[in-house]
Amino acid sequence: MELNYVKKDVYSQLTEKQIKDATKYTDGYIKFITNAKTEYLCVEEAVKMLEENGFVKIEEKEKLKPLDKVYFVNREKSVFAAVIGEEDISCGMNIIGAHIDSPRLDLKPFPLTERDDIAVLKTQYYGGIKKYQWLSIPLAIHGVVYNEKNEKVVISVGEEKNDPCFTIADLLPHLSKDQLKANADKFINPEKMSVIVGNIKDKAEKENPVKMNILKILNKKYGIKEIDFARSEITLVPAFPARYVGFDESLIGGYGQDDRVCSYATIMSLIETSKKMQKKTNVALIVDKEEIGSIGNTSMNSRVFDLFVQKLIQKSSKSKVSELEVYYNSKMLSADVTAGVNPDYEEVHDMQNSSIIGCGISIEKYGGSGGKYNSSDANARYVSEVMNIFNNNKVIYQLGTLGKIEMGGGGTIAYILANKGVEVIDCGTPVLAMHSTFELTSKFDVYMTYMAYKTFFEN
Ligand code: MN
Ligand code: MN
């Protein structure tokens, strides 16, 4: 009998067949995060995946019976999907929830300007970034603009091989003497994160000829005018694809893995488990705005999810149960990433209570910061329940905290569902270089994340 707890890596415990399955899964995942770098694109991809597997809009169904598969899209930025279980929904749901927004650079309402013959777009960063990581790398632009006829125009440039890309020019080291004296959090001024978009003058224009040339290009291509930027949501993201990392191809590098690694696993596991009758009504949700505090009508804090649950109850339940009662009886995995130990920075982690890349999906009993402020601290009874479900189904997992106390901290959507009365625990993939333009995960942790969520939906 092993008395002490020993962490084991995933790879050594997998069979040849499982290693093949893992690769198949992560090949699909790499495509997903390369194609879906904004919440809009994630919703599009998720809906495509759901529809291909027999899910229909909840509005199309008057009544719901066991094994029915439905989804609801909230304003193009969040998706809720459900598979009706054998048991009445009044006995509670199994919920897995992830977020599909990632740190990025948004455009200001009037972004286009010209200085020194260069046309630039002014940006405002979204979420917690280290600003210097976004300088002098290729950026792609994605977004939607509405014109005066209220028509939606989609913009997407920089991902295809023959597309141009965009970039913010960092200051050359030769002239950075003053800049390099500033504190790291000050040395990049967010007002100086302008994205270069052009350098050619329109001969017909006397004032701002470079800016005018860009406006003409945009008008020709998209039918938009300068004022239309004010009714747009346009975002800059790293232009490069996700790919395997390392001689042994054991890692995955890519933008937006927080939290699309868990979002992809959430959708994939719901689809996989929808092929058989499950006991509980299973619900997958992928939501927006987590990175800026889960505020707004497309965030987890929005009551639109309550509306979805109300519909599920009305259409499927024989009882007149309230939505509160359903929440009280429900269980959830808050599917969000956590920090893996970065070997160059062990000092920020309590090594006995940290997640190691490659050792499986990580269960985090609590997050928050300092004295557990703002943390959703899971009940021990529920931690035990989830551990036992994983143990009984050979899910390889580890238990960790984000980092040393008072080193910083972080939150997820866990507390929002916990506040509604749901039993919730954070459970997601460990990541290195989180919130960077090239986040790193272990291929086998990514696969184990999917296996864990699948197991949760089956129990
Ligand atoms: Mn996250
Ligand atoms: Mn995050």
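Key figures
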item: Filter pass, Tyr244 being in contact with a helix residue (DSSP H, G or I) (Cβ under 9 Å, 6 or more places away or on another chain) and aromatic (Phe, Trp, Tyr); result: yes
item: Matching entry among Asn374, Asn342, Asn353, Asn419 (being farther than 25 Å from Lys454 by Cβ, surrounded by fewer than 18 Cβ atoms within 10 Å (Cβ to Cβ) and within 16 Å of ligand 1 (Cβ to nearest atom)); result: Asn374
item: Near pairs, Cβ below 6 angstrom, 6+ apart or cross-chain, from the stretch 305-321 (farther than 25 Å from Ala98 by Cβ) to any residue that is open to solvent by less than 10 Å² (accessible area, probe 1.4 Å) and part of a helix (DSSP H, G or I); result: Ser317/Ile89
item: Looking only at the stretch 278-289, and only at residues there that are within 16 Å of ligand 2 (Cβ to nearest atom) and outside any strand (DSSP E or B), the one that is least open to solvent (accessible area, probe 1.4 Å); result: Asp288
item: Filter result (within 15 Å of ligand 1 (Cβ to nearest atom) and in a helix (DSSP H, G or I)) within the stretch 290-313; result: Glu290, Glu291, Ile292
item: Selection count where residues are touching a Phe, Trp or Tyr at 6+ places or on another chain (Cβ under 7 Å) and open to solvent by 40 Å² or more (accessible area, probe 1.4 Å), scope the stretch 252-277; result: 1
item: Condition met for Asp248 (more than 16 Å from ligand 1 (Cβ to nearest atom), over 17 Å from the mean Cα position of the chain (by Cα), open to solvent by less than 20 Å² (accessible area, probe 1.4 Å) and not aliphatic (A, V, I, L, M)); result: no
item: Condition check for Asn301: in contact (Cβ under 8 Å) with a residue 24 or more places away in the chain, crowded, with 21+ Cβ neighbours inside 10 Å and more than 18 Å from Lys37 (Cβ to Cβ); result: no
item: Residue that is farthest from ligand 2 (Cβ to nearest atom) [pool: residues in the stretch 318-337 that are surrounded by fewer than 17 Cβ atoms within 10 Å (Cβ to Cβ) and of a type in the set (Ser, Thr, Tyr)]; result: Ser319
item: Filtered residues of the stretch 65-81 (kept if over 16 Å from Thr273 (Cα atoms) and acidic (Asp, Glu)); result: Glu76
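The values are calculated or read from the model by the stated rules, or taken from the named source; none is laboratory data. As the structure is a prediction and not an experimental result, all values here were calculated from the model. Every residue, glycine among them, receives a Cβ derived from its backbone with ideal geometry; neighbour counts consider all protein chains shown. Accessible surface areas use protein heavy atoms only, side chains included; no ligands, DNA or RNA. Shrake-Rupley method; radii C 1.70, N 1.55, O 1.52, S 1.80 Å.
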